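What follows is a short report on a single structure.
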Amino acid sequence: MECFAQRGFSGATTRAIAAEAGVTLPAIAYHFGNKEGLHHACARVILGRYQDRMSPVVTAARAAVRSGALTAAGARDILLEIMQGLIEAFMQEAGETHQSRFVSRELSDRGPAYEYLMKELWRPGVLLVADLLAIASGRDATTDRDKTAALMFLSSLTALSNQSAISLSILDRSRFTDSDRVIAGQLAGGMIDGLLEHG
């Protein structure tokens, strides 16, 4: 995964991947078929880890949105819960940015797992946040503004994920602290309120 995150699909070779993983080329061929099969396996692992961590809150949020009974205050609370879950996940994985860099690179390069990650991870996540922003703003329908706000809001988390080395350097520390998590959660709440106030 690290090799794909650093070099992208086209730049990574099965020989380099095998060397970094300490396995033989036939082992990769046996388990994954080829480089594309290995690449898709990496994407499935990332999605699985995200689902393990976020599935309860995301499933409940989707059900609440579909129910049509979610209040503006309830939508805001769910938005904050989602953001706090993502903040926690990204801060815990700050030393292992290869997952977020893999996703970021795949989405920007439109690699072989682009459609899979867009369909299963990025698009549903952005649209859920957009729906929650619309409800929290008192709108019956999600607008392009809500979608754009969701994109910008979720993209701000790169400071904690694939850009964490820069963030940690600016904060003069080697890892995020509990205090950083609290502050990030408070700021996420402020960002949500700012988006709603100007919505």
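Listed by first and then second residue, the pairs with beta-carbon distance under 6 Å, at least 6 apart or on different chains, first residue in the stretch 5-25 and under 16 Å from Leu107 (Cβ atoms), second of a type in the set (Lys, Arg), are Ala5/Arg101; Gly8/Arg105. Residues in the stretch 181-199 that are more than 19 Å from the chain's Cα centre (by Cα), part of a helix (DSSP H, G or I) and farther than 20 Å from Gln92 by Cβ: Gly190, Asp193, Gly194, Leu195, Leu196, Glu197. Taking the criterion of being at pLDDT below 85, closer than 11 Å to Ile46 by Cβ and of a type in the set (Asp, Glu), would at least one residue in the stretch 112-121 satisfy it? There is no residue in the stretch 112-121 that is at pLDDT below 85, closer than 11 Å to Ile46 by Cβ and of a type in the set (Asp, Glu).
Do we have Gly8 as at positive phi and assigned to a helix (DSSP H, G or I) here? So Gly8 fits the description; yes. Taking the stretch 139-194 as the range and being hydroxyl-bearing (Ser, Thr, Tyr) and under 17 Å from Ile87 (Cβ atoms) as the test, the residues that pass are Ser155, Ser156, Thr158, Ser161, Ser164, Ser167, Thr177, Ser179.
Residue by residue, here is whether (1) among the polar types (S, T, N, Q); (2) modelled with pLDDT under 90; (3) in contact with a strand residue (DSSP E or B) (Cβ under 6 Å, 6 or more places away or on another chain); (4) within 24 Å of Phe102 (Cβ to Cβ) holds:
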{"site": "Val126", "(1), (2), (3), (4)": "no, no, no, yes"}
{"site": "Leu133", "(1), (2), (3), (4)": "no, no, no, no"}
{"site": "Ala141", "(1), (2), (3), (4)": "no, no, no, no"}
{"site": "Ala159", "(1), (2), (3), (4)": "no, yes, no, yes"}
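Just to be sure before I move on: is Gly37 at positive phi, at pLDDT 90 or above and surrounded by fewer than 16 Cβ atoms within 10 Å (Cβ to Cβ) in the structure I sent?
No, not satisfied.
Given the criteria farther than 24 Å from Ala69 by Cβ and not hydroxyl-bearing (Ser, Thr, Tyr), does Leu151 qualify?
yes
Go through the stretch 96-180 and tell me which helices (runs of 4 or more DSSP H), entirely inside it, have 3 or more residues that are in contact (Cβ under 8 Å) with a residue 40 or more places away in the chain. First the steps, then the outcome.
On the way: elements: 98-109, 114-117, 123-136, 144-155, 164-170.
In the stretch 96-180, the matching helices (runs of 4 or more DSSP H) lie at 98-109, 123-136, 144-155, 164-170.
Considering each residue of the stretch 84-106 in turn, at least one proves to be surrounded by 15 or more Cβ atoms within 10 Å (Cβ to Cβ), at pLDDT 90 or above and either among the aliphatic types (A, V, I, L, M) or more than 19 Å from Gln51 (Cβ to Cβ) (or both). Could you check how many residues of the stretch 22-56 are of a type in the set (A, V, I, L, M) and either outside any helix (DSSP H, G or I) or under 25 Å from the mean Cα position of the chain (by Cα) (or both)? Of the residues in that region, 8 qualify.
The values are calculated or read from the model by the stated rules, or taken from the named source; none is laboratory data. Given the structure is predicted, the values throughout are model-derived calculations rather than measurements. All Cβ positions, glycine included, derive from the backbone under ideal geometry; neighbour counts span all protein chains shown.
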